[in-house]
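One structure is given here, and the rest of the page talks about it.
Taken together, the values in this text are just the output of simple stated rules run on the coordinates, not laboratory data. Just so you know, these numbers come straight off a predicted model, no measurement behind them. Backbone-built Cβ (ideal geometry, glycine too); neighbour counts: all protein chains shown.
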Amino acid sequence: MYGLIHMAIESYVRSRHGDAVWSRVLDAAGSPSSAFVSMEAYPDEVTLKLVGAACGTLGVDVPTALREVGKCWTVFVAEKGYGHLLDASGNTLPELLRNLDQLHARINLIFPDLRTPGFSVTDERPGELVLHYYSERAGLGPLVVGLIEGLATRFNVTVDVTPFDCETPKPHAAFKVRWAPVAA
């Protein structure tokens, strides 16, 4: 994965738990520094070590940590100069979710070696849809849930994301996504 995800994990830990806790996460991960380069590719094992160290240090399970990192992701990437990609991908939550593959195609122009996931939307009705997530990396469903929750904040809607089993020939995860405007 690219260093940008490591920087997002760092941002999550530092913003919620402080610099001292981030230093403990780095120590637990066996990483001498947090000098991750956003556009440099790192082996997935580096990311997994970092997530595992964060879980151990924070006393949370992997799904919880991934979900929280996902929630922070949209704010983090916008602050790092990639908000225009989100803006160009949709003016509403369902529009952006429908355009995730196009978003990833644009991201691949910036990060040519990135192995991006695939997404599709089915069963769309007013206020709900099913988002299908395809990835060669297992276990990242909670990150997707957090990403959707972060996007909901961006679009000022409340969201309920429910993972469910979906039989298809291609392995993937499916999420029922329901949203409503934030009450004034």
(message) Counting only GluC sites (Glu not before Pro) that sit in a DSSP loop (anything but H, G, I, E, B) with at most 13 other Cβ atoms within 10 Å, what is the longest stretch of the chain containing none of them?
(response) 41-135
(message) Report the gain in length on full extension from Glu95 to Thr64: 0.36 nm times residue separation, minus Cα-Cα distance, nm rounded to one decimal.
(response) 8.5 nm
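For the chain, what D do you get in µm² per second when you plug the Kirkwood radius from alpha-carbon pairs into Stokes-Einstein at 20 °C and 1.002 mPa s?
Here the translational diffusion coefficient equals 126 µm²/s.
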(message) Quick check: the angle from helix 62-77's long axis to the longest principal axis of the chain, C-alpha only, nearest 10 degrees?
(response) 80
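Could you give the Stokes-Einstein D for the range 3-60 in µm² per second, using the C-alpha Kirkwood radius, 25 °C, 0.890 mPa s? Don't skip to the answer; put the middle values down first.
Values: Rh = 11.1 Å.
For these conditions, the coefficient is 220 µm²/s.
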(message) Calculate log10 I(q)/I(0) of the range 91-181 for q = 0.11, 0.13, 0.20 Å⁻¹, where I(q) comes from the Debye formula with a single equal point scatterer on each Cα and nothing for solvent.
(response) -0.30, -0.42, -1.00
(request) Order by neighbour count: Met1, Met39, fewest other Cβ atoms within 10 Å first, most last. (result) Met39, Met1
